[in-house]
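**Q** To start, I am sharing the structure in question, which I have written as structure tokens.
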Amino acid sequence: MQPVGFFDSGIGGITVLREVRRLLPGEDLLYLADQAHCPYGSRPLDELRAIAAACAAWLIERGAKLVVVACNTASAAALTDLRRRFPDTPFVGMVPPVKPAAAHTRSGVVGVLATPATLAGDLLRDVIEQWANGVRVVPQACPGLVEHIEEGMFDSPATMALLRQYVAPLLDAGADTIVLGCTHYPLLLPRLRALVGNDIRLLDAAPAVAQRVAQVLRERGLTRAPIRMSGSVTYATTGDPARLADLIDRIDLPRGRVEQARLEGRVG
Ligand code: DGL
């Protein structure tokens with residue numbers, strides 16, 4: 001069966017795969033963690049485009065019928081370019097959920113946590129222009145957070161200190177809604193919740209992206225015919241498969257086989 005493909009710089013996009021798995025349990029899923037190039041968030045645009053094209057090509061060569069760019073940074077930098085390079089493959093990308101955040105805020109202030117590259121790109125600016133609707137959007141870059149998560153430091157004092165440092169300006173600005181603009185951040189949800197309390201809304205785009213994947217598959221007649229058996233989950237990494245397997249084991253993510261992937265010669 002042709003799988004639905006996903007890629008990210010590491011384990012973050014698995015939070016998107018998890019939602020797709022919930023919604024479409026019959027689909028085979030193939031996930032590429034490009035850990036050799038992690039983090040993406042501090043790389044220049046042309047480099048990000050070359051990396052994203054190599055990841056997409058790898059998935060398409062393995063038969064992916066749709067590619068989910070399960071990374072806000074790569075989506076902001078490369079989604080348009082990917083659609084041009086691979087016109088026969090449907091792509092679904094991440095967009096920071098500013099629209100529902102602006103619709104729900106009562107204080108009129110929305111915070112966005114994301115990587116430096118996502119905040120610097122046009123995508124977020126366009127989304128704010130289109131959907132903020134008079135609501136004040138306060139962006140907060142979070143350098144270092146992805147690296148801590150990739151190291152498996154979910155509870156460490158250093159990670160908590162970073163989180164506190166990044167969330168404090170948003171709370172000070174009066175935000176009652178915080179957008180998780182990087183697919184890694186939902187992996188820190190319990191810590192974030194403990195930090196901000198129950199009155200702040202934390203928004204993750206993954207469930208909406210899963211709905212979009214289901215819709216695109218349906219529209220293109222690519223949905224796997226309903227069968228009783230659940231689909232397979234396969235992970236591949238450009239880093240160390242044993243390390244990736246260990247990380248997935250430690251957190252609440254779908255289990256699957258882990259393979260080695262090589263992009264050598266493709267990324268400039
Ligand atoms: N999960 C990626 C994102 O959504 C992290 C990017 C990075 O590696 O910095 O932006």
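The values are calculated or read from the model by the stated rules, or taken from the named source; none is laboratory data. Given the structure is predicted, the values throughout are model-derived calculations rather than measurements. Note that we place each Cβ from the backbone using ideal geometry, even for glycine, and neighbour counts take in every protein chain shown.
**Q** Could you figure out which of (1) in a helix (DSSP H, G or I); (2) hydroxyl-bearing (Ser, Thr, Tyr); (3) touching a Ser or Thr at 6+ places or on another chain (Cβ under 8 Å) isn't true of residue 75?
**A** Looking at each condition in turn, residue 75 falls short on (3).
**Q** Further question: Condition check: under 19 Å from residue 209 (Cα atoms), at pLDDT 95 or above, within 16 Å of the ligand (Cβ to nearest atom) and surrounded by fewer than 24 Cβ atoms within 10 Å (Cβ to Cβ). Does residue 18 satisfy that?
**A** Judged against the criteria, residue 18 is a match.
**Q** Tally time: how many residues in segment 22-36 are within 16 Å of the ligand (Cβ to nearest atom) and either under 15 Å from the mean Cα position of the chain (by Cα) or part of a strand (DSSP E or B) (or both)?
**A** Looking only at that region, the number is 5.
**Q** For residues that are assigned to a loop (DSSP other than H, G, I, E, B) and closer than 15 Å to residue 76 by Cα, tally how many sit in segment 1-21.
**A** Counting residues in segment 1-21 that are assigned to a loop (DSSP other than H, G, I, E, B) and closer than 15 Å to residue 76 by Cα gives 2.
**Q** Follow-up question, since we're still on this one. Would you check if residue 33 is hydrophobic (A, V, I, L, M, F, W, C), free of Cβ contacts under 8 Å to residues at least 60 places away in the same chain and buried (at least 20 other Cβ atoms within 10 Å of the Cβ)?
**A** So residue 33 does not fit the description; no.
**Q** Mind counting the residues in segment 81-128 that are under 24 Å from residue 223 (Cα atoms) and more than 16 Å from the ligand (Cβ to nearest atom)?
**A** 8
**Q** Filter segment 57-72 down to the residues that are more than 16 Å from the ligand (Cβ to nearest atom) and in a strand (DSSP E or B) and list them by number.
**A** Matches in segment 57-72: 66 only.
**Q** Check whether at least one residue in segment 187-202 is within 30 Å of residue 1 (Cα to Cα), in contact (Cβ under 8 Å) with a residue 12 or more places away in the chain and either surrounded by 16 or more Cβ atoms within 10 Å (Cβ to Cβ) or within 14 Å of the ligand (Cβ to nearest atom) (or both), and report yes or no.
**A** yes
**Q** Let me ask something else. Please work out if residue 51 is part of a helix (DSSP H, G or I), touching a His at 6+ places or on another chain (Cβ under 8 Å) and closer than 27 Å to residue 152 by Cα.
**A** For residue 51, the condition - part of a helix (DSSP H, G or I), touching a His at 6+ places or on another chain (Cβ under 8 Å) and closer than 27 Å to residue 152 by Cα - is met.
**Q** For residue 65, work out the one condition from (1) under 17 Å from the mean Cα position of the chain (by Cα); (2) of a type in the set (Lys, Arg); (3) under 26 Å from residue 218 (Cα atoms); (4) crowded, with 19+ Cβ neighbours inside 10 Å it doesn't fulfil.
**A** Only one criterion is unmet by residue 65, namely (1).
**Q** Give me the pairs, please: first residue somewhere in segment 131-149 and under 21 Å from residue 10 (Cβ atoms), second residue anywhere and hydroxyl-bearing (Ser, Thr, Tyr), beta-carbon distance under 6 Å, and either six or more positions apart or on two chains.
**A** So the pair list comes out as 140/166; 142/166; 148/159.
**Q** I would also like to ask the following. Quick check on this structure: which one of 60, 11 is surrounded by fewer than 24 Cβ atoms within 10 Å (Cβ to Cβ), in contact (Cβ under 8 Å) with a residue 40 or more places away in the chain and of a type in the set (Val, Ile, Thr)?
**A** 60
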